[in-house]
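Before any comments, here is the structure.
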Protein chains: 2
Amino acid sequence: MKCRKCGAQAVLELRRHNAAFCAPDFEEFFRRQVVEAIRKHGMLTREEPVLVAVSGGKDSLALWDVLSSEGYNTAGLYLNLGIFDYSKDSRTKCEAFATGRGLKLIIADVEAEVGAPIPGVQRATRRPTCSACGLSKRYLMNKVALDHGFSVVATGHNLDDEAATLFGSTLRWQTDALSRQSPVLPATHPKLVRRVKPLYRLSELETAAFAFLRGIDYIVEECPFSRGATSLMHKEILNRLEAVSPGAKHNFVYGFLERGRPAFERMESVTLRECARCGQVTTSVLCAFCKLAGRVKRTLVTQSHTERPSFDRENEAN
Amino acid sequence: MKCRKCGAQAVLELRRHNAAFCAPDFEEFFRRQVVEAIRKHGMLTREEPVLVAVSGGKDSLALWDVLSSEGYNTAGLYLNLGIFDYSKDSRTKCEAFATGRGLKLIIADVEAEVGAPIPGVQRATRRPTCSACGLSKRYLMNKVALDHGFSVVATGHNLDDEAATLFGSTLRWQTDALSRQSPVLPATHPKLVRRVKPLYRLSELETAAFAFLRGIDYIVEECPFSRGATSLMHKEILNRLEAVSPGAKHNFVYGFLERGRPAFERMESVTLRECARCGQVTTSVLCAFCKLAGRVKRTLVTQSHTERPSFDRENEAN
C-alpha cells in the first residue's frame, strides 16, 4: 500500500477516501481536515482565545495539539467528574500534556458545582448517568468559558461521535435534538459561548492514529459508566454499515448537515431566558443544571439524617 | 404466558405492546390494527373497489385475507416477474388463494410490458435488480389499476418493510424519498391511483403468525435476487435494536410519520406531467419505466446481432 501523496510506504488506509497515507502525509491530511472544518463553518479565528475541553482521551488531546500547533490561542479545560481512578488518571494525562507544551490548563470540579461527584449525582437522582454527566459538562464548559472571558469552546467530538448521536436522535425523530446537532452551535444569547467541533470530519480511527503518530500520551480506558451505553451499540451498528459501505458514516452526517438539518431548523424555535438561580441560559425558570443540583442537594440532606453517603467506593460504578 | 384479553394460554408474545394473545384474540388484534390503519389514514371505503397487489408471500396474502373477510370489495393483482421457479411457485399460491375464496385475480406480465422478464432486465440494463423490479412493479400496479377502473392499490408492506426503507433513506438523507414515505400515497394526478399500506402497523412476525393461524398457504422462499440486498442488512440491524429496545421499529416509523415527514414534505414539491410515450405520470419527458423498457429493447436488438440472449437459465440468478 503506497501513500497517495508521495508514493512511500503507507501506514494507514482510509477506505472512505479511497486513499492511503504515509505518517507525515496523514498528519498533513488530518490538519487539513481540521482547518477545512474551521474555515467551512467559521468556527474560530486565530485572534480569538479558544477554550479546548479536554478529557484526557485521544480526541480532545489531538484537538488541542492541532489547534495549538496551528497557531490558535488556546487554553485547556479539564472538568473533574470525580469518577474514581478514571478521573484521576485522565487529569494526570491532561496536566502532563499541558505542562509538556507550556499550555494553560483550567481545572473545574463537578462536585464543587453540583454538590456531588458524578457517581453521587447518579445515586442522588434518577437520571441516567451519561445524561446527568453530559448536562453538567455542557453547563460547566459554558460557565468556565464566560468566567474566564472565552467566547468559544472547542470539543473533541469526532465523526463517529457525531454519527452515533445523530443515529440515536433519528431513531426517535427527536426534532429538538436534530435541529441543534451541528459542528457549530452559535452563541444565540450573550450568556452562551459558541461551541465548535473541529474534528467532526475525522473518524475515531483517524484521531487515534494522529494521537499515536504525534506521541500524545492519552488515557485509553473508557469511562466506567459508559459500559452498555446505547451510544456504544449505535457505534457498533455504524461500524458494521461502514465496513459494508465505506463512507456510510460520512454520508449520514454530511447528508444530514446538507439536507436533513435545514428541514428541522425551520420547525424548532425556542425563547431563551436567564435561570432564576444561576443566571445561565435556559428555556424555563430554573435551568436543567440547577434542577439537577437541587435534586442532589435535597437527597444529600435527606440521607444525612439516615446514613452517610459514600461517593468514592470504586466498585459501585455500573 | 396468558392472553391479555381472555387469560387463556397465549400463543404469541408482542414485546413492543407488552402483551401476549391467544390465537382468536391475536387475530382480533391483527384485524383491529388493519382497521385502525385504514381509518386513521382514510385509506379505503367499503364501497370502493381495491386492487390488492399479491406476491404469494405471507404479507400480501394476509392483507387480501383481512380486507376480503372484513367486507372490502377486493380483487388481486399478481405481477409475473419471470423470476424462474420463484415466480411460478408464487403465482400458483396466489391462484390457489383466489380460487379457494372465490376472489378475482388479475395477472399481468412484466415481460409483455418491459420487453424481458426481470432477470433479462437485470442483464440488459446496469440498474440494480431490486431497483428495476420495484420500478416495474409500481408502474404496472398503477397501469393495471387504471385499466381496470380501480382508484386504489393496497400493498402488503409491513412495519419491518417500512422501517427498513426509512432506515435506508435516512442513512443517506434522501429527502425526496423521505417526503414520499407514507402509509398512504394520495392520487396527486388523474392518472395516479392511490397507494395504501394497511399492514404498516404490523410486524413481519405478526403477519407470519396471522397467515399461519388463518391457514394461508404462502410461498416461504424469498426472491433469489434478494440475497445480500442492503434492505436485508438493514432489517437485521433493526431487529437487533428491537431486541434491545422493544418498540424501536415502531418508534422509528411512527416518530417519522409524526415529526420527521412533516419537515420534509415542505421541502419537496414536484410538477407532474404525462410521459410522452405511454401517457403515465412522470416528472420528466419520458417516465422511468419507458426509459427502462427502451434500454431493454435497445440491448435486445444489439444482442440479436451477436448472440441469442437466454433469460431463463435458473442458475444465473444472483
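When residues in the range A:1-40 are screened for being in a helix (DSSP H, G or I) and touching a strand residue (DSSP E or B) at 6+ places or on another chain (Cβ under 7 Å), 2 of them pass. Within the range A:34-86, the residues that satisfy the criterion of being among the β-branched types (Val, Ile, Thr) and over 19 Å from A:Leu205 (Cα atoms) are A:Ile38, A:Thr45, A:Val50, A:Val52, A:Thr74, A:Ile83. Here the condition is being at pLDDT below 95 and not hydroxyl-bearing (Ser, Thr, Tyr); of A:Glu47, A:Glu28, it holds for A:Glu47 alone.
Residue count for the range B:240-294 under the criterion of being more than 14 Å from chain A (Cβ to nearest Cβ), in a loop (DSSP other than H, G, I, E, B) and surrounded by fewer than 18 Cβ atoms within 10 Å (Cβ to Cβ): the result is 11. Residues of the range A:213-237 that are in contact (Cβ under 8 Å) with a residue 60 or more places away in the chain and more than 19 Å from the chain's Cα centre (by Cα): A:Leu213, A:Arg214, A:Ile237.
The residue that is nearest to A:Gly149 (Cα to Cα), counting only those in the range A:191-208 that are in contact with a Lys or Arg (Cβ under 9 Å, 6 or more places away or on another chain) and not basic (Lys, Arg), is A:Thr207.
Rundown of residues vs (1) crowded, with 19+ Cβ neighbours inside 10 Å; (2) in contact with a Phe, Trp or Tyr (Cβ under 8 Å, 6 or more places away or on another chain); (3) within 26 Å of A:Ser69 (Cα to Cα), yes/no style:
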position: A:Pro128; (1), (2), (3): no, no, no
position: A:Lys137; (1), (2), (3): yes, no, yes
position: A:Asp160; (1), (2), (3): yes, no, yes
position: A:Phe167; (1), (2), (3): yes, yes, no
position: A:Arg180; (1), (2), (3): no, no, no
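One residue stands out in the range B:139-155 among those that are on the phi < 0 side of the Ramachandran plot and among the small types (Gly, Ala, Ser): the one that is surrounded by the fewest Cβ atoms within 10 Å (Cβ to Cβ), namely B:Ser151.
Contact map, the range B:142-158: first residue more than 14 Å from B:Glu48 (Cβ to Cβ), second residue hydrophobic (A, V, I, L, M, F, W, C) and modelled with pLDDT of 95 or more, Cβ cut-off under 6 Å, separation 6 or more or different chains; pairs are B:Asn142/B:Val193; B:Val144/B:Leu77; B:Val144/B:Ala108; B:Thr155/B:Ala53; B:Gly156/B:Leu63; B:Gly156/B:Leu199; B:Asn158/B:Leu199; B:Asn158/B:Leu202. Cβ separations smaller than 8 Å between residues 6+ apart or across chains give the following pairs from the range A:118-141 residues that are closer than 19 Å to A:Arg227 by Cβ to residues that are polar (S, T, N, Q) and not in a helix (DSSP H, G or I): A:Ala132/A:Thr125. For the range B:87-112, the tally of residues that are crowded, with 20+ Cβ neighbours inside 10 Å, modelled with pLDDT under 95 and out of contact with any strand residue (DSSP E or B) (no Cβ under 7 Å at 6 or more places or on another chain) stands at 0.
The values are calculated or read from the model by the stated rules, or taken from the named source; none is laboratory data. Everything numeric in this text was worked out from a predicted model, so none of it was measured. Positions of Cβ are backbone-derived with ideal geometry, glycine not excepted, and every protein chain shown enters the neighbour counts.
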